[in-house]
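For reference, the structure discussed in these notes is given below.
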2 protein chains.
Amino acid sequence: MRIAVFGTGTVGRALAGALAERGHEVTVGTRDPGETASRTGPDRMGRPPFSEWQAGHPEVGLADYAGAAGSAELVVNATSGAGSLPALGAAGAARLAGKVLVDVSNPLDFSQGMPPVLNPVNTDSLAERIQQAFPGARVVKTLNTMNAALMVDPGRLAGGDHSVFLSGDDAAAKDTVRDLLESFGHRDIIDLGDITSARGAEMWLPLWLRLYGVLGTADFNIKVVRGVE
Amino acid sequence: MRIAVFGTGTVGRALAGALAERGHEVTVGTRDPGETASRTGPDRMGRPPFSEWQAGHPEVGLADYAGAAGSAELVVNATSGAGSLPALGAAGAARLAGKVLVDVSNPLDFSQGMPPVLNPVNTDSLAERIQQAFPGARVVKTLNTMNAALMVDPGRLAGGDHSVFLSGDDAAAKDTVRDLLESFGHRDIIDLGDITSARGAEMWLPLWLRLYGVLGTADFNIKVVRGVE
């Protein structure tokens, strides 16, 4: 499949690399590819520059949002919460129409200090705002509940015995995303329902952030344990 | 220990019964004990009347909030989210001062229809509001993340191999609550930090409610899976 991955951070790199390894034709979308490619030092999160990552993944392309989305059959939003609507807007509604749009972002608002709060929250979600802004896109929320390493390699933790969620209004789009998740090794994929159920998946983040703090690692996830006889 | 359990619903009954079975001297607190005791039909949730439950638990007392809290060493808030501050207010700050106050409630707001939303949320939590309203109480948030049957009998699901959380500002109070949780069979008790971490535990509810819908049972919980080598 031709896939555009929006976002050059840890999550975008992990997803782009893993999708390319599975034979997909992947282009990373960014605001200004020339600027992204020309950076030589670590970014503000201390990550190596994108060019260094791309040198190890020569099969992955880099384009602006419109260019990446235009030729893609499926688009992954791995930008920041605040950057999501601008990035998708730059791609343009016409280039997203009819396509599966996998939203893995979290609407974290750092403007009030740490820990970040969610915005939107409770009666709305980022996934719903994206679906509303791009009604022709087939939005599926998933993977936002775990760190990037586990998104693409769930087997590194407890042999993959933990859970991931799907939210979206389009059943066929969710099937497509389920196949991608299975290709990464996810086994317990729980369909939460329509796109409004993304509120639940996004509102998990405050607990995730606290657990990250007390466990001292992001290498954890939740397993939904059921099966009372 | 002398324990007051505020609330006569499913959660209050489960906790009162389980604590009494473990040898604690338990009094259930309610707004109007005469009215509670005199009900003969099912309540609005379809539960048998409290008097029928109490007939099976003759060792558990019933009193008004002030009476139950006055003689208790530890108070459990198992009232509804909207009923919590009024119930604790009826008990009075003086009767809560210095005591461990275990808050198991969820601030679910049904006024906007189903599914309920949270109020407060995101930048505040019910647990924090309780702590702020009763600064002398030693508030510990716990158990709100699972159904009543699992609160008091975690072993009924996967042999107890799932997680429960603690939030609170008072380390000794959390130790007391940890002991109670262990007496119920909880083994993975995760201290999330101070009382503001209750935001995370409360904001788990929207995801819990969606899972309840799609799994068709409340007999589930989350296990925090960690241990990447």
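Regarding A:Gly136, is this residue over 23 Å from B:Phe220 (Cα atoms), without any contact (Cβ under 8 Å) to a residue 12 or more places away in the chain and exposed (fewer than 15 other Cβ atoms within 10 Å of the Cβ)? So A:Gly136 fails the test. Restricting the range B:75-103 to residues that are in contact with a Ser or Thr (Cβ under 7 Å, 6 or more places away or on another chain) and farther than 15 Å from B:Ile195 by Cβ, the residue that is surrounded by the fewest Cβ atoms within 10 Å (Cβ to Cβ) is B:Ser80. Of all residues in the range B:1-36, those satisfying the criterion of being closer than 19 Å to B:Ala90 by Cα, assigned to a helix (DSSP H, G or I) and over 14 Å from the mean Cα position of the chain (by Cα) are B:Pro33, B:Gly34, B:Glu35, B:Thr36. Scanning the range A:129-160 for residues that are over 18 Å from A:Arg13 (Cα atoms), under 15 Å from the mean Cα position of the chain (by Cα) and charged (D, E, K, R) yields A:Arg138, A:Lys141. Residues in the range B:217-229 that are part of a loop (DSSP other than H, G, I, E, B) and closer than 22 Å to A:Met146 by Cα were compared, and the one that is modelled with the lowest pLDDT is B:Glu229. Applying a threshold of 9 Å to beta carbon distances and a minimum spacing of six or more residues, or different chains, the list of pairs starting in the range B:218-229 at a residue that is on the phi > 0 side of the Ramachandran plot and ending at one that is modelled with pLDDT of 95 or more reads B:Gly227/A:Leu157; B:Gly227/A:Ala158; B:Gly227/A:Asp219; B:Gly227/A:Phe220.
Taking the numbered list (1) closer than 27 Å to A:Ala37 by Cα; (2) not in a helix (DSSP H, G or I) in turn, A:Ala68 passes all entries but (2).
The values are calculated or read from the model by the stated rules, or taken from the named source; none is laboratory data. As the structure is a prediction and not an experimental result, all values here were calculated from the model. Every residue, glycine as well, gets a Cβ built from its backbone with ideal geometry; the counts of neighbours run over all protein chains shown.
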